[in-house]
Amino acid sequence: MGAKAKKALKKNMKKITASAAASSSSQLAAPQNTKPSADFLPLEGGPARKAPATKTIENKATVLYIGRLPHGFYETEIEAFFTQFGTVKRVRVARNKKTGKSKHFGFIQFEDPEVAEIAAGAMNDYLLLEHMLQVRVIPPEDVKPNLWKGFKCQYKPVDWVQIERKQHNKERTLEEHRKMLNKVVKRDQKRRKRIEAAGIEYQCPELVGNTQPLPKKIKFSED
C-alpha cells in the first residue's frame, strides 16, 4: 500500500468516527419518552393508535312486567303498593275479554327510570299472598304502542244471565216454535232409547206439543 492510499484510509476512518460520535451525542441529548400517552394504546409490531371513546348508554326503561299476580291484587292495589318506590304513571292488568277476569300478569310504568330499576330488583321473586312475583324491566324498543290502550277503562262484566233470559223470553214465530219443539221431541226420544238399552223399566211421560196453525191470509175486497 502506498503513502497516498494510507492517507486516504486515515481520512475515511476519521470521518466514520466523527459521524458515530455525533449520532451518539444526539441520542443522549434527545429526551426519551418511554411512558405511553394516556390517549394512545401501544400495539405489538405497529405504531400506537388512539383509544376509542366509550359511549355511555342512557337508561330510559320505565315499564315493568309483573307476573304471577295473586287473586284480588288488581290495578288499585298494584298502584298503592308500588308508590312506595316512586311516582306511578300507569298500571294495567291483562284481563279476559269475555269474563273480565285477571290473567295474573300486568304492567306498570314509573316516571323515573332509576326508580323502575330499583323496583324491579326489589320486587322480583317477592312472596306476596302465596305467589312469587316475577318482575322485570321491559326495554323501550320492546314496548308495544297499544300496550296502554284503554288502561283507564273499568271493565264491566257481561251479565250472561240477563242475556239468556232475554233470549229465552223473546217472541218467536210459528216456524221457530216448531223447530224448538222438534228439538225437544228428538232429545226425548234419544233419552228413551238410552233407558231401554240400559234395561230399566220406566214409563216416560208423553210430550205434547202445542203448535198453533198458521194464520190464514185474509183477502180484502176492493170495495
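Points to keep in mind about this one:
- Flag for Val143 being among the β-branched types (Val, Ile, Thr) and touching a Phe, Trp or Tyr at 6+ places or on another chain (Cβ under 8 Å): no
- Glu79 closer than 30 Å to Pro157 by Cβ, acidic (Asp, Glu) and modelled with pLDDT of 80 or more: yes
- Considering Arg49, Arg90, the condition of being in contact with a Phe, Trp or Tyr (Cβ under 9 Å, 6 or more places away or on another chain) and modelled with pLDDT under 65 is satisfied by Arg49 alone.
- Condition met for Lys144 (in contact (Cβ under 8 Å) with a residue 12 or more places away in the chain, assigned to a loop (DSSP other than H, G, I, E, B) and of a type outside the set (S, T, N, Q)): no
- Tabulated pairs, segment 147-176, first on the phi < 0 side of the Ramachandran plot, second at pLDDT 80 or above, C-beta under 6 angstrom, 6+ apart or interchain: Trp148/Arg90; Phe151/Arg90; Phe151/Arg92; Tyr155/Arg95; Tyr155/Gly100; Pro157/Gly100
- Scanning segment 154-162 turns up one or more residues that are of a type outside the set (S, T, N, Q) and assigned to a helix (DSSP H, G or I).
The values are calculated or read from the model by the stated rules, or taken from the named source; none is laboratory data. What you see is a predicted model; the values in this text were computed from it and never measured. Cβ sites come from the backbone with ideal geometry, for glycine too, and all protein chains shown count toward neighbours.
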